[in-house]
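For reference, the structure is listed below as structure tokens.
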Amino acid sequence: MDFDSMMVTLRRLALEAGDAIMEIYAAPDFDVRTKSDDSPVTEADEAADALISAGLQAAFPDAAVVTEERSDTHDLDVTDFFIVDPLDGTKEFVQRRGDFTVNIAWVEGGIPVRGVVYAPARGRLFWTAADGTSVEETGPFGKAAPGLCSPIAAAAPDNAALRVVASKSHRDQATDDYIGRYSVADMKSAGSSLKFCLVATGEADIYPRLGRTMEWDTAAGHAVLAGAGGTVVRFDDHRPLTYGKDGFANPFFIAHSPGVTLAEI
């Protein structure tokens, strides 16, 4: 893969999808339906998915694409593939809380190596450059070429007092019990894949997720965090989280900055 041209395309598609999402977000009302797994889906999810899927197919006709909104892609057996969550944080979108993102990642050998996370309502755009390092771009975001980009790096934390970020919509007692194993200096709540990005920028040190996620929820944020020097590991044995698993379902995991000493389970 030519990562220079890939990232130009992924960035542009994420921005175009964000525009489509925000047009619907600004409307006085929009339809919300429930999928078979009881999660919500809106016309914004579907519009963004159609735009991204068509764009990837046009630019990379030989590459496999897995996307949340297309169930026929969920049975693919692949290790090199694009994976898309066109609107991560649909609950945040429906409740108009702003913490939703567009996520596009390229997985190679089971590892997310490039990705884009765009939070259109927050005006934050994170992506991996062609060399694999991660940046945050500040707006306005032109489609043709990137604007001002700043390298981002996960922090070197003080293990005596960690800054924790946890899910805004899915936090539970098991998560709180695990967080309780650490000395906590600060606690943040955030929606969608923004949690990975907060660790990537050094705004948090650790993000534990003891709940159901799918690979499309995490791949782009994982790539951004890895490009900033951070790590995502399985909760059960602290081995690296890999992709292309059966059904694209994730185990529980911990995303963290380098130097964090993980609590024993």
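The values are calculated or read from the model by the stated rules, or taken from the named source; none is laboratory data. Keep in mind that this is a model prediction, so the values were computed, not measured. Ideal geometry is used to build each Cβ from the backbone, glycine not excepted, and the neighbour counts take in all protein chains shown.
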So if I check each of Pro86, Pro61, which one is under 19 Å from Phe3 (Cβ atoms) and assigned by TED's automatic domain parsing to the domain that holds Arg114? Pro61
Residues located in segment 99-119, provided they are surrounded by fewer than 24 Cβ atoms within 10 Å (Cβ to Cβ) and either within 12 Å of Ala14 (Cα to Cα) or under 15 Å from the mean Cα position of the chain (by Cα) (or both): Asp99, Ile111, Val113
Answer yes or no as to whether Gly229 is under 13 Å from Pro112 (Cβ atoms) and touching a residue at least 40 places away in the same chain (Cβ under 8 Å). no
Picked from segment 235-261 (must be surrounded by 14 or more Cβ atoms within 10 Å (Cβ to Cβ) and of a type in the set (A, V, I, L, M, F, W, C)), the residue nearest to Thr73 (Cα to Cα) is Phe248
Given the options Arg11, Arg33, name the one that is modelled with pLDDT of 95 or more, at negative phi, basic (Lys, Arg) and out of contact with any His (no Cβ under 9 Å at 6 or more places or on another chain). Arg11
Inside segment 120-137, can you point out the residues that are more than 14 Å from the chain's Cα centre (by Cα) and within 20 Å of Glu68 (Cβ to Cβ)? Ala121
Mind counting the residues in segment 82-98 that are touching a residue at least 40 places away in the same chain (Cβ under 8 Å) and either touching a Phe, Trp or Tyr at 6+ places or on another chain (Cβ under 6 Å) or surrounded by 24 or more Cβ atoms within 10 Å (Cβ to Cβ) (or both)? 9
